[in-house]
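Here the structure is laid out as C-alpha cells; the discussion comes afterwards.
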Amino acid sequence: MSAIDAGITGKLKIAITLTAVTLLAEIAGGFWTNSLALLSDAAHVFLDLFALILSLVAIKLAGLPPSDRHSFGYHRSEVFASFINGLTVFLMGVGIMYEAVVRFSHPEAVKSLPMLLIAVVGLAMNLLAAGALHRHSHDDLNVKSAFLHVIGDAVASVGVIIGGAIMYYTGWYLLDSLISAAIGLLILTGAGRILRESTHILMEGVPRGIDFNGVADAIRSVEGVRDLHYLNIWTVCSHILALSVHIDCQVEEEISRATILHHIEHLLAKRFNITHTTIQMECAACVNGTVIKELNHQERHDCGHDH
C-alpha cells in the first residue's frame with residue numbers, strides 16, 4: 001500500500017469510528033426520547049457508515065492480487081455488497097415512512113431536550129468526520145463520495161436539531177413525524193440510487209458518464225485506425241472501468257501496430273479514465289478475409305441490434 005493510500009485509509013478509519021459513535025448514540029437516544037426523527041437519522045447514518053466501510057474495503061481489495069479463480073481480483077464484491085446494502089436500507093426507509101404515517105394520526109410525546117442534545121452530538125461527530133476526509137476528497141473519487149455522505153448526515157442532523165428546538169418550545173410533536181418522513185424520503189432516494197447503480201454494474205452496463213459512441217469516435221480518430229467492432233465497455237467496480245474492442249488497422253507492420261495500440265490506451269486512460277483494456281489489432285488484409293466478414297455478419301445479428 002502506498003503512503004497516499006495509507007493516509008486515506010487512516011482518515012477513513014477515523015471517519016468510520018466517529019460515524020459509528022453517532023449511530024450508537026442516535027439509536028439509544030431515539031428509543032430513550034421516543035423520537036422517530038432521531039431513529040430515522042440513525043438509519044441514514046447507518047447507510048453512510050456502510051458507504052464509508054465500503055470505501056475502505058475498496059482500497060483494501062484494490063491491493064489484493066487476482067487468482068486463477070478470480071482473474072479480476074475481488075473488486076466486484078464491492079458492487080455485490082452495495083446491492084445488499086441498498087436493498088436492506090430501502091426496506092428500512094419503507095418502515096420509517098410507514099411509522100411516520102402512523103404517527104401523523106397519533107402524535108406521541110417526545111423528550112425534545114435530550115433529543116436536541118443527542119442531535120448536537122451527532123452533528124459534531126459528522127463535522128469531525130468530514131474534516132478528516134476533506135483533504136483527500138479533492139483527489140480521490142472514492143473518498144469524495146464518502147465525504148459527501150458525511151455532509152449529508154450533517155445536514156440531516158441540523159434538521160433534527162431544528163425540530164427538537166421547535167418541539168421543546170412549542171410542544172408540537174407532530175413535527176417529529178414530519179422530520180422522520182423527510183429523512184425517510186432521503187433514505188429511499190439514496191438507497192434507490194445505490195440499487196440502480198449496483199444493478200447496472202452487475203448487468204455490465206456502460207459506465208455512468210461514459211458516452212459509448214463518443215469512445216468509439218475517439219478510437220477512430222487515432223491515426224492508423226480504420227474502423228472498430230465488438231466494442232464493449234463495462235465497470236468492474238466503482239473505480240475500475242474496462243473495455244474490449246477489435247481494431248481494424250490500416251498498416252501491417254508490427255511496430256506500427258504497437259504504436260497505434262499505445263496511442264489508443266493513452267487516449268482511453270486520459271480522456272475516459274478507462275484503464276483496463278483488451279484490444280485486438282487486426283490487419284486490413286484480415287478484415288477483408290472470410291473469417292472476419294462472417295464475424296461482422298454475426299455481430300450485426302447478435303441480440304437483434306448493432307453497437
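Figures for the structure shown
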{"item": "The range 23-37 residues that are under 14 Å from Ile183 (Cα atoms), paired with ones that are hydroxyl-bearing (Ser, Thr, Tyr) (beta carbon under 6 Å, 6 or more apart)", "result": "Leu36/Ser180; Ala37/Ser180"}
{"item": "Residue within the range 150-162 that is within 19 Å of the chain's Cα centre (by Cα), at pLDDT below 75, within 30 Å of Leu61 (Cα to Cα) and assigned by TED's automatic domain parsing to the domain that holds Val21 present", "result": "no"}
{"item": "Check on Val236, in contact with a strand residue (DSSP E or B) (Cβ under 6 Å, 6 or more places away or on another chain), over 30 Å from Gly159 (Cβ atoms) and of a type in the set (Val, Ile, Thr)", "result": "yes"}
{"item": "Sole residue being surrounded by fewer than 18 Cβ atoms within 10 Å (Cβ to Cβ) and either at pLDDT 90 or above or not assigned by TED's automatic domain parsing to the domain that holds Met92 (or both), chosen from His246, His200", "result": "His200"}
{"item": "Residues satisfying the stated conditions in the range 24-75, i.e. of a type in the set (Ser, Thr, Tyr) and surrounded by 13 or more Cβ atoms within 10 Å (Cβ to Cβ)", "result": "Thr33, Ser35, Ser40, Ser55, Tyr74"}
{"item": "Unique match (being on the phi < 0 side of the Ramachandran plot, surrounded by fewer than 16 Cβ atoms within 10 Å (Cβ to Cβ), part of a loop (DSSP other than H, G, I, E, B) and not charged (D, E, K, R)) among Gly192, Gly209, Gly205", "result": "Gly205"}
{"item": "Odd one out for Trp32, checked against (1) under 14 Å from Pro114 (Cβ atoms); (2) touching a Phe, Trp or Tyr at 6+ places or on another chain (Cβ under 9 Å)", "result": "(2)"}
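For every residue, the table says whether it meets (1) out of contact with any Cys (no Cβ under 7 Å at 6 or more places or on another chain); (2) modelled with pLDDT of 90 or more; (3) part of a helix (DSSP H, G or I).
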{"site": "Met1", "(1), (2), (3)": "yes, no, no"}
{"site": "Thr9", "(1), (2), (3)": "yes, no, yes"}
{"site": "Thr17", "(1), (2), (3)": "yes, yes, yes"}
{"site": "Phe31", "(1), (2), (3)": "yes, yes, yes"}
{"site": "Leu38", "(1), (2), (3)": "yes, no, yes"}
{"site": "His44", "(1), (2), (3)": "yes, no, yes"}
{"site": "Asp48", "(1), (2), (3)": "yes, no, yes"}
{"site": "Pro66", "(1), (2), (3)": "yes, no, no"}
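The values are calculated or read from the model by the stated rules, or taken from the named source; none is laboratory data. Since this is a predicted model, take the numbers as computed values, not measurements. For neighbour counting, all protein chains shown are included, and Cβ atoms are generated from backbone atoms with ideal geometry for every residue, glycine included.
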